[in-house]
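Working notes for the structure below.
Please treat every number below as a calculation from the coordinates, not as lab data. As the structure is a computational prediction, the values presented were derived from the model and not from experiment. Cβ: placed from backbone, ideal geometry, glycine included. Neighbour counts: every protein chain shown.
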Amino acid sequence: MTDASHAHVHIERTANGVGRITLQRPRALNALDIGMIRALADALRAWRDDPGIVAVAIRGSGKEGPFGAFCAGGDIRFFHQAALAGDARLEDFFTEEYALNHLIFTYPKPYLAFMDGIVMGGGMGISQGGSCRIVTERTKMAMPETNIGLFPDVGGGYFLGRCPGHVGEYLGLTGAVIGADAAVAWGLADVVAPAADLPRAWEALATMPGTTSDAFATCWRDWMQQAGWRFSGERTVAPLAAEVEAAFGAPTVAGIVERLQAAGTEAAADALTLLRQRSPLMLHVVLEQIRRARTLSLADDLRLERDMVRHCFHPHHLGRGPAQSETVEGIRALAVDKDHQPRWNPARIEDVTPAMVEGFFVSPWPAHAHPLRDL
């Protein structure tokens, strides 16, 4: 077994050809910084082209040791600081993160994601493209970006848009946190395992006899079946309440709100409460994003999201600079001042105009100069 160390990322290669990655930034719930993204990308590209590597596995470390937390997303405090300082690394972060997401989604070898504990935002980006996405009774999964005036990026339009029914709109707009059962039902996970089994599974990876990727995949599936892990079945909108599913099928954000109000149920009221806490502007943007992404390829979706995130930090079409952006304000309220009182602009869902939304979908770059043109 050979090991390599990077800041916050431990990379090892087992004798039987499994590349294993452990995120090691537990105090920040393994939030990704640009160094971590580069370490992941370097390892995955090297292993992709290495015939001696048959599979890759990734996990996070919690405060008590391995597992317990996967990845809470990107380093939003860095986003805030970099946006206000005009730090060019902010642009590099999103370009390289989305390229990493594409690499994982298109990876030619088995990619096993142990999605134990917190799996949010950027954590979804480094797991949703996996060939085996493992969740546990401790999994807390979400795309909560509207809570910070952002949108579900890292391919969120692509994978949320492919959830059954209008689950994607529900998850993208509300940022609701879900567990293992919903993740499997909605196509965001493949297998449910007891958290107590994960250390044993991780060690078993180093003894799988498969000498090719296909042989490894067969051995791994046999191991999971023998362990009694529960595999996903047919995708379904359950356990989302029927009236909530119907509401998020409305053509507009205002229509969603009206249907939730009319439903009069606890589930509808809970969803409405979440919507009322989010950026009204970004609710409209996300609804458009997810519905556009349903017909886009992965690469085109990531290029669109790269356009959108540029506008989130440089909303010139709104006559604002970075300091006045919804995203900088949302991060300020949640993670900097921690007053949890974001001053959204506009403050009401009803005051968002189509022109405000449309500007997010105009690329700042010509096609030949797009940062992700080579995907």
Nonlocal amide H pairs with residue 109, under 5 Å, H built at 1.01 Å | none
So between residue 365 and residue 225, what do we pick up on full extension, going 0.36 nm a residue minus the alpha carbon distance?
-> 45.6 nm
What are the ³J(HN,Hα) values, in whole Hz, obtained from phi via the Karplus relation 6.51 cos²θ - 1.76 cosθ + 1.60 with θ = phi - 60°, for each residue of the range 354-365 in sequence order, with x given for Gly and Pro?
-> x, 5, 4, 6, 4, x, 5, 9, 9, 5, x, 10
Reciprocal mean inverse distance between Cα atoms of the range 226-332 - Kirkwood radius, Å | 16.5
Computed lengthening from residue 7 to residue 81, 0.36 nm per intervening residue step minus Cα-Cα distance | 24.6 nm
Hypothetical label at residue 335: residues of the range 279-323 whose amide nitrogen lies under 15 Å (7 Å Cα-Cβ projection) = 313
Taking amide hydrogens as modeled 1.01 Å from N in the peptide plane, which residues meet the under 5 Å criterion relative to residue 67, leaving out close sequence neighbours?
-> 60, 61, 62
Using only Cα atoms, tell me the angle between helix 266-277 and the longest principal axis of the chain; keep it within 0 to 90° and round to the nearest 10.
-> 70
Within the range 1-106, which GluC sites (Glu not before Pro) sit in a loop by DSSP and count at most 11 neighbouring Cβ atoms inside 10 Å?
-> 64
Taking every C-alpha to C-alpha distance in the range 2-369 and binning by 20 Å from 0, the per-bin percentages run 30, 58, 12, 0
Per-residue ellipticity at 222 nm attributable to helices in the chain (runs of n ≥ 4 DSSP H, -39500 (n - 2.57) apiece, nearest 500 deg cm²/dmol) works out to -12000 deg cm²/dmol
For the range 146-278, what is the Kirkwood estimate of the hydrodynamic radius, computed as the reciprocal of the mean inverse distance between distinct Cα atoms, to one decimal in Å?
-> 17.0
Does anyone have the angle between helix 34-48 and the longest principal axis of the chain? Alpha-carbon axes, 0 to 90°, nearest 10?
-> 50
Residue 273 versus residue 317, label points 7 Å from Cα toward the beta carbon: distance in nm?
-> 3.4
Rounded to whole Hz and in sequence order, give me ³J(HN,Hα) for the range 96-111 from the Karplus expression 6.51 cos²θ - 1.76 cosθ + 1.60, θ = phi - 60°, writing x for Gly and Pro.
-> 6, 5, 5, 5, 5, 4, 5, 4, 5, 4, 9, 5, x, 10, x, 10
Answer check: the range 102-183, Cα atoms, Kirkwood Rh, Rg/Rh ratio of 0.95
Sequence-distant lysines (8 or more away, or on other chains) whose Cα lies within less than 26 Å of residue 140 = 63, 338
Take every Cα pair under 8 Å in the range 2-369 that's 6+ residues apart, average their separations, divide by the length, and report that relative contact order as a whole percent.
-> 16
Any idea what the alpha-carbon Rg over 2.2 N^0.38 Å comes to for the range 1-147?
-> 1.00
Report, as a whole number in µm² per second, the diffusion coefficient that Stokes-Einstein gives for the range 120-167 at 25 °C and 0.890 mPa s using the Kirkwood radius over alpha carbon pairs.
-> 211
Identify, among 131, 150, 297, the residue whose Cα sits farthest towards the positive end of the charge dipole of the chain, taking +1 on the Cβ of Lys and Arg and -1 on the Cβ of Asp and Glu, with the dipole about the Cα centre.
-> 131
